[in-house]
Amino acid sequence: MFKNFKHEKIETNAGLLLVLTMIAVSIGGLVEIAPLFFLKDTMENVAGVRPYTPLESRGRDIYIREGCYTCHSQMIRPFRDEQLRYGHYSLAAESKYDHPFQWGSKRTGPDLARVGGKYSNEWHVQHLIKPVSVVPESVMPNYLWLQETKLDVSDVGDRMRALRVTGVPYSANGEEYQRNVKQFGEAVAKTLHIPDALSNLVAQAQEGNFDGDRSSVSEMDAMVAYLQVLGTMVDFSKIKPEDLVKFR
């Protein structure tokens, strides 16, 4: 009877029930998350993973702004059917520079973890402008304004500095630049140097010609550049299954 009285007292007091629920959820979360900070092998040591270039990073910002993650996941689970359809299962290392990560929670459309290089730039542009023109059964809305809207590059350096605070190794001085040269190679290190962010962004947009118009840099340039890099950093043909078995 005493136990029933205590339960009734908690369940009829909304404030007390809310506080105790929050405490229970917090304890459960700590039990699951805290141990990860003390493990050295939570992330695979695979070659090729690098931070996004300024153009790719801005494309990712637009991807998040438009809510693409609500219909597309970027996490291939280690199941046979997933790998047959999308490719090698996702590695933790592939998301090490994603803040926040784009694993997603549902799939209205296909997973995009390996979409990079699967289609041409022209296909992506047409798909974003009018999805049903290339995928008749698509329920995806049109994003034609991406082609018409000039990319805002006024704060690209500030965005990289903000990501640098989270641990993304963008370089702001010569010492950090040389460290990136050693880790990623000189070609990649140049794209990660904040003082040259704007010139690097424009150069990649013009060279890649992602939206088919080199006269200016559009939001479409950035979005397609981001999509085309997804899943392309790791060369899985050079990774032996036994090297990753302990991380499954």
Relative contact order as a percentage, the stretch 54-234, C-alpha pairs under 8 Å and 6+ apart, gives 33 percent
Along the Cα→Cβ direction, 7 angstrom out, place labels at ILE10 and VAL165. What is the inter-label distance in nm? 3.9 nm
Can you sort THR232, THR53 from fewest to most other Cβ atoms within 10 Å of each residue's own Cβ? THR232, THR53
Give, to the nearest whole percent, the P(r) tail of the chain beyond 27 angstrom, counting all Cα pairs. 48 percent
Set the bar at 26 Å for Cα to Cα. Now go through LYS130/LYS190; LYS96/LYS118; LYS118/LYS238; LYS96/LYS190 and name every pair that lies beyond it. LYS130/LYS190
Please report TRP103, TRP123 as a ranked list, fewest other C-beta atoms within 10 angstrom at the top and most at the bottom. TRP123, TRP103
What is the distance in Å between the Cα centres of the stretch 193-239 and the stretch 83-151? 15 Å
If each of SER216 and PHE37 carries a label point 7 Å out from its Cα toward its Cβ, how far apart are those two points in nm? 4.7 nm
For LEU17 and ASN142, calculate 0.36 nm times their separation in residues minus their Cα-Cα distance, and state this gained length in nm to one decimal. 40.5 nm
Provide the packing ranking of 20-32, 138-150, i.e. peptides ordered by the mean count of other C-beta atoms within 10 Å per residue, highest first. 138-150, 20-32
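Just so you know, all these numbers are worked out from the coordinates, no wet-lab data involved. From a predicted model like this one, the values you see are computed outputs, not experimental measurements. Here Cβ is always computed from backbone atoms with ideal geometry, including for glycine, and neighbour counts include all displayed protein chains.
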